[in-house]
1. Sort largest first and round to whole Å: the equivalent ellipsoid semi-axes of the range 124-196, each the square root of five times a Cα gyration tensor eigenvalue.
2. Under 20 Å from a point 7 Å along the Cα-to-Cβ line of Arg179: which residues of the range 56-85 have their amide N that close?
3. Taking a probe of 1.4 Å, how large is the accessible area per residue of the chain, in Å²?
4. Can you give me the angle between helix 125-135 and the longest principal axis of the chain, using Cα atoms only, in degrees from 0 to 90, rounded to the nearest 10?
5. Accessible area of the range 110-205 with a 1.4 Å probe: how many percent of it is carbon plus sulfur?
6. In square nanometres, what is one fourth of the surface area of the convex hull spanned by the alpha carbons of the range 5-92?
7. Compute the distance in nm between two label points, each set 7 Å from the Cα along the Cα-to-Cβ direction, one at Lys156 and one at Ile109.
8. Run the quick spin-label model on Arg222 and Arg71: label points 7 Å from Cα toward the beta carbon, then report their separation in nm to one decimal.
Amino acid sequence: MMNLTSPSQVKAWCIENDFHPNKVLGQNFLIDQNAVKQIVDAGLEGVECSNAKILEIGPGLGVLTEEMLKRGVQVVAIEKDPVLAARLKESLGNPEKLSVIAGDALDYIQDDFEVMVSNLPYQAGTRILLEYVQRHKLESITVLVQTEVAERLAAKEGSKTRGLAGVWAQLDYDVKIVRKVSASCFWPRPEIGSSVVRLTRHDRNVGLSDEERKLFHSLTKRAFEHRRKQLGSVFKDLIQSTQRAEELSNEEWVSLVKELINANA
Ligand code: SAM
């Protein structure tokens, strides 16, 4: 079997198979054993491995998949590239605990998982994450994303990087940046560095109704579309405030949503 953290073996496989990593699909393969271990350690922390079923999006050549299977978990991997999807299972020795779905993760949003561990593709990564955080079914999500995305997910109110992704993620998850992963840990080498981020579900907003959640998402979306404006001028008569979207904490957004719904009841 190929050593997936050996750059020379990975490159040789690509040449032999006339495979050219696709930029649009974000095909930057992880080739650093330490980083692989640390992502899987963070992703499986607190997980009872013998019973767990992990969702992996974009397994690529299978470097994270292989490490997770070693720990005894079951993995369901969704891979958009038909060539990579078709070879994955056999290339890892046909493990019983691996199922591969060939397709776009956005067409296969799954609700029957507790844990996601993935090195997400550059382009579709944020959209995939936001789909899952809005459904808030996963207990934890550990992903490798561009550092800029990781920082936005973790950003608190008042910070320059505060945006919609962070506000939506933090409604149901505590977000922690686990570590940085330098561009040299990937092949081909990307232009920017990445970070491992772990989202762990909290229960502070479990009581929100569907109506409250819907309003939370539409209100924050509108507010961040006009992030430089004061909320009072974005929402006219609805909200009297001189604050801007990035200044409000999640608790304040949730209170605002509740007030608006009560006022209309
Ligand atoms: N997990 C591998 C690793 O760590 O080396 C590969 C990670 S690479 C950054 C992203 C992977 O996601 C690629 O294999 C790419 O083909 C796949 N991919 C891109 N867009 C996708 C999508 N919408 N759905 C599923 N997989 C996708």
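The values are calculated or read from the model by the stated rules, or taken from the named source; none is laboratory data. Because the structure is a prediction, the values reported are computed rather than measured. Ideal geometry is used to build each Cβ from the backbone, glycine not excepted, and the neighbour counts take in all protein chains shown. Quick note on the areas: whole protein, heavy atoms, side chains included, nothing else; ligands and nucleic acids left out. Shrake-Rupley method; radii C 1.70, N 1.55, O 1.52, S 1.80 Å.
1. Working from the Cα gyration tensor, I get semi-axes of 22, 14, 10 Å.
2. Of the residues in the range 56-85, 62-72 have backbone N under 20 Å from the label point off Arg179.
3. With the other protein chains kept in place, the chain gives 50 Å² per residue.
4. 60
5. Numbers: 1930 of 4250 Å².
Carbon and sulfur together cover 45 percent of it.
6. 5.7
7. Those two pseudo-labels are separated by 3.0 nm.
8. 4.2
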